[in-house]
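Heads up, the thing below is written out as structure tokens.
The values are calculated or read from the model by the stated rules, or taken from the named source; none is laboratory data. Nothing here was measured: the structure is a model prediction, and the numbers come from that model. So basically every Cβ, Gly included, is an ideal-geometry build from the backbone, and we count neighbours across all protein chains shown. Accessible surface is based on the protein model in full, side chains and every heavy atom, while ligands, DNA and RNA are left aside. Shrake-Rupley method; radii C 1.70, N 1.55, O 1.52, S 1.80 Å.
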Amino acid sequence: MAHAELSLLEQLSTNSSPYHDPLSHLDWSSLNTSDYWLPQSAISLHGVAEFEALPEQTKKRLSQYEFTGFIQAGLWLEAIFVERLGKNLKKTHALAEHAYYLHEIREEAGHSLMFLKLMEKSGLHLPGIWQQRPRFADFMGRHAPVNTTLFWLAVVIGEEIPDKLNRHVRVYGDNSLNPLIKQMCTLHIIDEARHIAHARSALEANLSTTNFIKKRLLTPVANLLIKQFVRTFYLPKPEIYELAGLTPGIEWQTLARNNPIRKEFVAQCVNPTVNLLQSHGFKVYVPTF
């Protein structure tokens, strides 16, 4: 491992100390279901006339279930990261590398426990869609060879796409947003900034020896991963609308799918990742639902 990479890992590990356990660090007493859990601009039906005509409490309820769907997708993704990082411990060649992976495992596990506690305390969960996962993204996350271009490509896409929703919550959450949700997203962003910095660095190191032909072969994979992550984190399933009282759910999902405001919101969230990959020669694009 190059000296610059080790220096980055040492710095990231330093920044991970002291550890802020979300189970004890967050103000759980401020959680309630009388507030929005997403800024209205981040709700999938924002701007749709049929949705805007609904009672305020229904809108809040949808925001709560959409955020719950978002963190349940996060539980799936965090589990893959912890699994792969744990397996990678035996392949580390330097103490700084080993220490950083342990820091990241602790932080990812903390995020998952944070998500589970939110669902436990609020009583909101999505039992009917717990096991629904994007198959290709799940397979790549679990089986792509570690420390290859393909592996770090999947990690960067998987880390960055949901991170942009957390950042939107932090920046645009007003007094109508539940304070615990904003605290949660802020803590998540701080930890993920280190994880993304490491993933980007590792991807760029691999790309420095990746030729044009290999990039061309990896481009369809990157586009499919982007599409699956976008659908997983930004297009609520019909069951989510129905749990919020919007039936039939498939019709409300269709409204969200065709919502131009939602499409623009998703493009803003995905564009930084697309621009990064394009700068490295990948012909990727912002997907449609």
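Details
- Links that overshoot a 29 Å alpha carbon limit, given the list LYS90/LYS182; LYS215/LYS237; LYS164/LYS215; LYS117/LYS283: LYS90/LYS182; LYS215/LYS237; LYS117/LYS283
- Each of GLU10 and THR58 was given a label point 7 Å from its Cα along the Cα-to-Cβ line. The distance between the two points is 6.0 nm.
- Only one residue of HIS168, VAL82, HIS188 has its Cα farthest out toward the positive end of the dipole of the chain, where Lys and Arg carry +1 and Asp and Glu -1 on Cβ, and that residue is VAL82.
- Cα-based helix-to-principal-axis angle, 149-172 vs the chain, degrees rounded to 10: 40 degrees
- Under 17 Å from the Cα of LYS91 - aspartates and glutamates, other chains or at least 8 residues apart: GLU5, GLU83, GLU104
- Surface composition of the chain: carbon and sulfur atoms hold 56% of the protein heavy-atom accessible area at a 1.4 Å probe.
- Accessible area in square angstrom per residue, the chain, 1.4 angstrom probe: 45 Å²
- Considering only GLY69, PHE282, GLY141, and ranking their Cα positions along the charge dipole of the chain that arises from unit charges at the beta-carbon of Lys, Arg, Asp and Glu, the one farthest toward the positive end is PHE282.
- Hits among aspartates and glutamates - C-alpha to C-alpha of LYS60 under 12 Å, sequence gap 8 or more where chains match: ASP35, GLU52
- Cβ-derived FRET efficiency at R0 35 Å, PHE139 paired with LYS263, nearest 0.05: 0.80
- Against the chain, whose longest principal axis is taken from its Cα atoms, helix 95-122 shows a tilt of about 10°.
- Computed per residue of the chain from DSSP H runs no shorter than four, each worth -39500 (n - 2.57), the mean residue ellipticity at 222 nm is -23500 deg cm²/dmol.
- With Cα atoms, 0 to 90° folded angle of helix 260-279 axis to the chain main axis: 0 degrees
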